[in-house]
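Comments concern the structure below.
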Amino acid sequence: MTPAVLVGLGAVCVATVLISVYGLRISRTTGDFYVASRTVRPWWNASAIGGEYLSAASFLGVAGLILVSGIDALWFPIGYTAGYLMLLLFVAAPLRRSGAYTLPDFAAARLDSRPARRVTSVLVVTIGWLYIVPQLHGAALTVRITTGLPAWVGAAVVVVVVVLTVMAGGMRSITFVQAFQYWLKLTALAVPAVFALLTLGAQGAPITDGGAAFHPDLDVTDAASLYRNVSLIIALLFGTLGLPHVLVRFYTNPDGTAARRTTVIVLGLLALFYLFPTIFGVLGRIYTPDLATGGQADATVLLLPQRVLGSAGGDLLAALVTGGAFAAFLSTTSGLVVSLAGVVSQDLFRGSVKGFRVAAVLSAAVPLVVALATDSRALAGSIGTVFAFTASTICPMLLLGIWWRGLTAAGAIAGMAAGAAVCGSAIVAAAVGGEGLGPFAELLAQPAAWSVPLAFTVMVVVSKLTASHRPATVSRVMARLHAPERAETGWRPAGPPA
Amino acid sequence: MSQEPQRRPPARIRVTAPRTRAAAARSRYSVSRELAEQSELGEMFIRSLMRSQLRLALVVAGGFGLILLGVPVLMLLFPSINGMSVFTVPLPWLLLGAGVYPVILVCAVLYTRAAARNEDRFRRLVDDDRSSRPAWSAEPE
């Protein structure tokens with residue numbers, strides 16, 4: 001299987017670099033670099049958002065989780081998708097209209113405060129790093145399972161390709177790369193899934209084994225409690241609102257209305273995509289049950305084509321799936337690196353393109369070190385943890401900042417700090433203490449259900465206490481966030497004047 | 001970054017980013033925004049636009065939340081649902097694995113339309129206000 005897989009893997013990496021080099025030709029200004037000068041059309045942008053968002057957790061993790069925990073796992077893709085619904089409802093258009101480039105820019109503009117900006121920057125960088133690490137774990141796992149090469153090669157390849165593409169083209173070329181990678185990922189799951197179903201159907205082999213595939217007896221984990229499912233959904237719904245690589249994409253829409261249209265398309269693309277990991281997961285419950293007990297559930301997607309289809313055809317499809325998996329690691333990582341580099345370079349290097357490139361290297365190197373030094377956990381689970389952290393920190397600042405005039409800089413800082421402190425320590429305590437914590441284990445492992453309301457409460461209370469320090473600019477900012485652009489003075493793409 | 005510098009076509013410049021203060025893109029201000037910012041009446045328009053947009057978002061989110069919550073609640077209340085299946089796929093799997101997504105899409109489309117309607121209403125209000133007619137003579141749509 002190694003040659004075909006290696007070709008597939010290499011092809012994805014080369015295509016990624018090529019597209020970004022092509023993009024370099026049209027990437028001229030700082031605006032191109034950071035936000036593609038806001039000239040990206042909804043379909044392109046939506047594909048790019050889909051490409052960026054569907055990470056290792058979606059591509060490998062969902063199927064693996066279905067294998068291990070059955071129906072409870074279906075809440076993950078629902079949460080990932082519905083998070084975008086929340087984004088559409090509460091954030092998309094105002095955020096686009098804010099005119100800021102990054103989350104810290106938004107915080108600074110809305111709260112008129114340097115400290116608030118700095119706290120947001122620190123959180124964004126932390127979240128980005130935490131999010132990149134599972135991608136690199138996924139890459140390591142993929143390379144180890146499919147090629148037999150040492151695991152670190154996978155993580156290193158992803159980081160090198162990402163740094164090359166980001167340094168080459170910035171946001172503009174990344175948009176093309178990401179859009180390409182959404183469709184690649186969809187193909188890489190859809191084709192093998194359809195093939196497998198057709199083959200099994202033609203052979204009269206069991207597809208669901210008369211429904212036995214759905215039986216909870218196949219689950220390796222216990223059924224999740226109601227608390228865990230609710231807390232998970234809260235984390236995923238609200239966590240999406242604060243993801244830096246997702247938010248930076250909204251600035252590339254021409255206006256607020258386009259931002260909404262883009263989000264609706266994204267929802268369609270995500271809904272379509274998630275059908276396939278689910279099919280893989282269900283088939284896996286019959287054809288690869290050994291992976292669940294062996295702690296390698298995340299490899300289900302990679303190994304299933306060969307288990308189902310056998311030799312030749314299976315090899316080709318395995319190559320396709322591996323390529324798709326790499327597209328997932330590359331696109332999410334590069335999206336994160338772009339947004340982190342944007343933040344870091346502005347805060348440390350005054351926003352020059354050279355600074356952006358240095359920052360890109362920094363943003364990718366730190367998580368690489370962390371990924372090499374730690375072991376992989378279930379991918380979907382660790383991404384879920386990052387969502388909980390985001391939901392407890394960035395999300396309240398963003399929601400209250402957009403919809404509540406009363407938010408003050410002190411309130412935002414206090415809320416973000418409180419959310420980060422309790423959510424972070426809960427996750428660490430759960431990881432260290434494990435099951436020894438008894439009834440608290442679940443509360444700590446999946447803290448969103450209480451840490452998100454807590455962060456909101458702290459933010460509101462402190463804002464009320466410091467109400468005399470409301471930024472004087474708040475009316476102007478609110479008008480900018482919410483007033484629609486006029487149709488006839490609608491903004492046209494920047495470029496040489498006609 | 002601020003107002004367009006005196007109509008000179010922007011020359012292709014060496015890339016820099018003087019935007020740490022993030023007071024970005026004022027040049028894109030529309031008339032309605034300028035107005036909304038400067039007058040008390042404008043601020044009132046903005047407040048009412050925000051209220052209606054927020055109410056809309058909360059209603060859609062609440063509706064979706066109820067539907068989402070409805071699935072496990074139905075399963076708890078009527079355990080017989082767990083026994084039903086379509087082509088061997090149990091109903092709960094079908095609902096959670098596929099059925100939820102069209103609901104999400106419908107919510108998204110409905111919201112987008114309604115939000116655009118709210119904004120149209122705001123635009124018309126502001127326009128009426130500018131064309132010297134008393135703002136409150138505008139018929140509510």
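Screening segment B:50-89 for residues that are small (Gly, Ala, Ser) and surrounded by 12 or more Cβ atoms within 10 Å (Cβ to Cβ) and picking the one that is farthest from the other protein chains (Cβ to nearest Cβ) gives B:GLY70.
Scanning segment A:205-219 turns up one or more residues that are modelled with pLDDT under 80, charged (D, E, K, R), surrounded by fewer than 15 Cβ atoms within 10 Å (Cβ to Cβ) and assigned to a helix (DSSP H, G or I).
Looking at A:GLY384, A:GLY401, just one residue is farther than 13 Å from A:ILE127 by Cβ, at pLDDT 85 or above and either crowded, with 21+ Cβ neighbours inside 10 Å or under 17 Å from the mean Cα position of the chain (by Cα) (or both), and that residue is A:GLY401.
Of all residues in segment B:75-88, those that are hydrophobic (A, V, I, L, M, F, W, C), assigned to a helix (DSSP H, G or I) and modelled with pLDDT under 80 total 3.
Every condition in (1) more than 25 Å from B:LEU49 (Cβ to Cβ); (2) modelled with pLDDT of 85 or more; (3) in contact with a Phe, Trp or Tyr (Cβ under 9 Å, 6 or more places away or on another chain) holds for A:GLY433 except the one numbered (2).
Go through segment B:90-113 and give me each residue that's in contact (Cβ under 8 Å) with a residue 12 or more places away in the chain, under 30 Å from B:LEU49 (Cβ atoms) and either surrounded by 16 or more Cβ atoms within 10 Å (Cβ to Cβ) or facing chain A (nearest Cβ under 10 Å) (or both). Within segment B:90-113, B:VAL103, B:ILE104, B:CYS107, B:TYR111 qualify.
Considering A:THR147, A:THR120, A:THR142, the condition of being surrounded by fewer than 24 Cβ atoms within 10 Å (Cβ to Cβ), away from chain B (no Cβ under 11 Å) and of a type in the set (S, T, N, Q) is satisfied by A:THR147 alone.
To keep it simple, each residue is scored yes or no on (1) farther than 21 Å from A:ALA449 by Cα; (2) at pLDDT below 80; (3) part of a helix (DSSP H, G or I).
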| residue | (1), (2), (3) |
| --- | --- |
| A:SER331 | yes, no, yes |
| A:LEU340 | yes, no, yes |
| A:GLN346 | yes, yes, yes |
| A:PHE356 | yes, yes, yes |
| A:ALA359 | yes, no, yes |
| A:LEU362 | yes, no, yes |
| A:ALA365 | yes, no, yes |
| A:LEU407 | yes, no, no |
| A:ALA414 | no, no, yes |
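Figure legend. Inter-residue proximity from segment A:86-99: first residues touching a residue at least 12 places away in the same chain (Cβ under 8 Å), second residues crowded, with 23+ Cβ neighbours inside 10 Å and outside any helix (DSSP H, G or I), beta-carbon distance below 7 Å, spacing 6+ or different chains. Indicated pairs: A:ARG96/A:TYR251; A:ARG96/A:ASN253.
The rows are residues; the columns are (1) β-branched (Val, Ile, Thr); (2) assigned to a helix (DSSP H, G or I); (3) within 11 Å of another protein chain (Cβ to nearest Cβ); (4) without any contact (Cβ under 8 Å) to a residue 12 or more places away in the chain.
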position	(1), (2), (3), (4)
A:PRO254	no, no, yes, no
A:THR278	yes, yes, yes, no
A:GLY284	no, yes, no, no
A:ALA292	no, yes, no, no
A:PRO305	no, yes, no, no
A:VAL308	yes, yes, no, no
A:VAL321	yes, yes, no, no
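Out of curiosity, is A:LEU398 within 14 Å of another protein chain (Cβ to nearest Cβ), of a type outside the set (Gly, Ala, Ser) and either without any contact (Cβ under 8 Å) to a residue 24 or more places away in the chain or outside any helix (DSSP H, G or I) (or both)? So A:LEU398 fails the test.
May I ask you to verify whether A:ALA188 is in contact with a Leu (Cβ under 6 Å, 6 or more places away or on another chain), under 30 Å from B:PHE87 (Cβ atoms) and surrounded by 23 or more Cβ atoms within 10 Å (Cβ to Cβ)? Yes; evaluated as a whole, the condition is true for this residue.
The values are calculated or read from the model by the stated rules, or taken from the named source; none is laboratory data. Note that the structure is predicted; figures quoted are calculated from it, not measured. Ideal geometry is used to build each Cβ from the backbone, glycine not excepted, and the neighbour counts take in all protein chains shown.
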